[in-house]
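Enquirer: I have a structure I would like to understand better, so I am pasting it below and will then ask my questions one at a time.
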Amino acid sequence: MGETFTVKVEQDKATVLLLPILDMSASDEFLNVMRTCVSSQNSLVLDGEHVQRVSTSCVQVILGAAKAVQDAGGSFAIENMSSDFERALSDLGLSEYIDKWSKI
Amino acid sequence: MGLRVLAVDDSKTMRDMVGFTLRNAGHDVLEAGDGQDALEKLGDDCVDLIITDVNMPRMDGIQLIKELRANVTHKTTPILVLTTESDSSKKNEGRAAGATGWIVKPFSPEKLLQVVAKVCP
């Protein structure tokens with residue numbers, strides 16, 4: 001059994017502590033966690049402090065969650081983005097999102 | 001009016017994300033886990049659009065496109081290929097096989113809807 005995501009809920013905000021390795025095997029659980037947070041909370045924050053590696057499918061989940069939260073009128077942000085996480089997003093051509101998601 | 005779309009990917013997460021985005025936009029989405037599964041589920045049934053990954057077990061996306069283009073029912077159905085930047089050499093292969101276009105993963109939901117609207121106006 002692998003690590004599980006830690007979710008902290010305060011008022012209408014959920015903060016998800018991301019796992020260090022967000023590979024394909026983590027993507028299904030990550031999607032489930034994101035769905036739960038998006039459906040129950042107004043604001044979603046991902047804590048990326050420990051992220052070392054992130055797969056395309058997990059980035060896809062992040063993109064979907066961000067849109068779902070914003071479409072519902074909520075806010076989405078990533079805080080404490082590790083350099084590995086930032087590099088991975090940049091390598092995937094998502095630099096514009098790094099700025100957007102870092103503004104809370 | 002919504003489209004009937006077949007999403008083919010061996011990653012359930014990717015199928016879910018494609019499905020979620022398109023269903024929210026009012027489209028009907030069928031799912032298949034690889035090329036072989038797609039052919040079995042489609043048969044001679046018509047869909048408006050097929051979105052397929054490239055690297056999959058049993059039958060990859062390029063072979064799937066070739067098989068579909070050899071079937072008169074699917075000869076002109078728009079087919080979008082999901083690729084990663086590292087798969088960029090597959091774009092030409094996909095186009096030669098008969099793909100209509102491609103989407104680079106990961107994609108923003110807006111981008112997916114834009115491309116779908118472009119190939120299925």
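Enquirer: Is one or more of the residues making up region B:38-45 touching a His at 6+ places or on another chain (Cβ under 8 Å) and either within 14 Å of chain A (Cβ to nearest Cβ) or hydrophobic (A, V, I, L, M, F, W, C) (or both)?
Expert: Yes - at least one qualifying residue is present in region B:38-45.
Enquirer: Okay, next question. If you take the residues in region B:38-58 that are crowded, with 18+ Cβ neighbours inside 10 Å and under 23 Å from B:P106 (Cα atoms), which one is nearest to the chain's Cα centre (by Cα)?
Expert: B:I51
Enquirer: Further question on the same structure: Is it fair to say A:V54 is more than 25 Å from B:N55 (Cβ to Cβ) and more than 10 Å from the chain's Cα centre (by Cα)?
Expert: In short, no.
Enquirer: List every residue pair whose Cβ atoms sit under 8 Å apart, with the two residues 6 or more apart in sequence or on different chains, where the first one lies in region A:79-101 and is within 10 Å of chain B (Cβ to nearest Cβ) and the second, anywhere, is loosely packed, with under 14 Cβ neighbours inside 10 Å and of a type in the set (G, A, S).
Expert: A:L89/A:S95
Enquirer: Could you count how many residues in region A:67-96 are under 16 Å from B:K105 (Cβ atoms) and either among the acidic types (D, E) or more than 12 Å from the chain's Cα centre (by Cα) (or both)?
Expert: Summing the residues that are under 16 Å from B:K105 (Cβ atoms) and either among the acidic types (D, E) or more than 12 Å from the chain's Cα centre (by Cα) (or both) in region A:67-96 gives 6.
Enquirer: Just wondering, is there one or more residues in region A:16-39 that are among the charged types (D, E, K, R), assigned to a helix (DSSP H, G or I) and more than 20 Å from B:K12 (Cα to Cα)?
Expert: No, every residue in region A:16-39 fails to be among the charged types (D, E, K, R), assigned to a helix (DSSP H, G or I) and more than 20 Å from B:K12 (Cα to Cα).
Enquirer: Can you name the number of the only condition in (1) over 10 Å from the mean Cα position of the chain (by Cα); (2) within 14 Å of another protein chain (Cβ to nearest Cβ) that A:V61 fails?
Expert: If we test A:V61 against (1) over 10 Å from the mean Cα position of the chain (by Cα); (2) within 14 Å of another protein chain (Cβ to nearest Cβ), just (1) comes out false.
Enquirer: Within region B:58-70, does at least one residue satisfy the condition of being modelled with pLDDT under 95 and over 17 Å from B:L6 (Cα atoms)?
Expert: no
Enquirer: Here's something else I'd like to know. What do you reckon, is B:D53 within 13 Å of chain A (Cβ to nearest Cβ), touching a residue at least 40 places away in the same chain (Cβ under 8 Å) and not aliphatic (A, V, I, L, M)?
Expert: Judged against the criteria, B:D53 is a match.
Enquirer: Another question about this same structure. Of A:S82, A:S75, which residue is over 21 Å from A:M24 (Cα atoms), among the hydroxyl-bearing types (S, T, Y) and surrounded by fewer than 20 Cβ atoms within 10 Å (Cβ to Cβ)?
Expert: After ruling out the rest, the residue left standing is A:S75.
Enquirer: Restricting to region A:18-52, count the residues that are in contact with a Gly (Cβ under 9 Å, 6 or more places away or on another chain), of a type in the set (A, V, I, L, M) and away from chain B (no Cβ under 14 Å).
Expert: 4
Enquirer: In this structure, does A:A68 turn out to be under 29 Å from B:R23 (Cα atoms), out of contact with any Asp or Glu (no Cβ under 7 Å at 6 or more places or on another chain), assigned to a helix (DSSP H, G or I) and of a type outside the set (D, E)?
Expert: Yes, satisfied.
Enquirer: Output the number of residues of region B:89-110 satisfying the condition of being within 10 Å of another protein chain (Cβ to nearest Cβ), surrounded by fewer than 20 Cβ atoms within 10 Å (Cβ to Cβ) and farther than 17 Å from B:L3 by Cα.
Expert: Residues that pass the stated criteria total 2.
Enquirer: Continuing with this model, one more query. I'd like the residue in region B:1-32 that is more than 13 Å from chain A (Cβ to nearest Cβ) and of a type in the set (V, I, T) and, out of all such residues, is farthest from the chain's Cα centre (by Cα).
Expert: B:V29
Enquirer: Hey, another quick one. Give me the residue from region B:77-88 that is buried (at least 19 other Cβ atoms within 10 Å of the Cβ) and within 14 Å of chain A (Cβ to nearest Cβ) and, out of that set, modelled with the lowest pLDDT.
Expert: By that ranking, first place goes to B:D87.
Enquirer: Further question on the same structure: Before we move on, is B:L113 in contact (Cβ under 8 Å) with a residue 24 or more places away in the chain and either part of a loop (DSSP other than H, G, I, E, B) or over 25 Å from B:L39 (Cβ atoms) (or both)?
Expert: yes
The values are calculated or read from the model by the stated rules, or taken from the named source; none is laboratory data. Keep in mind it's a predicted model, so treat the numbers as computed, not measured. In this analysis, Cβ positions are derived from the backbone assuming ideal geometry, glycine residues included, and neighbour counts consider all displayed protein chains.
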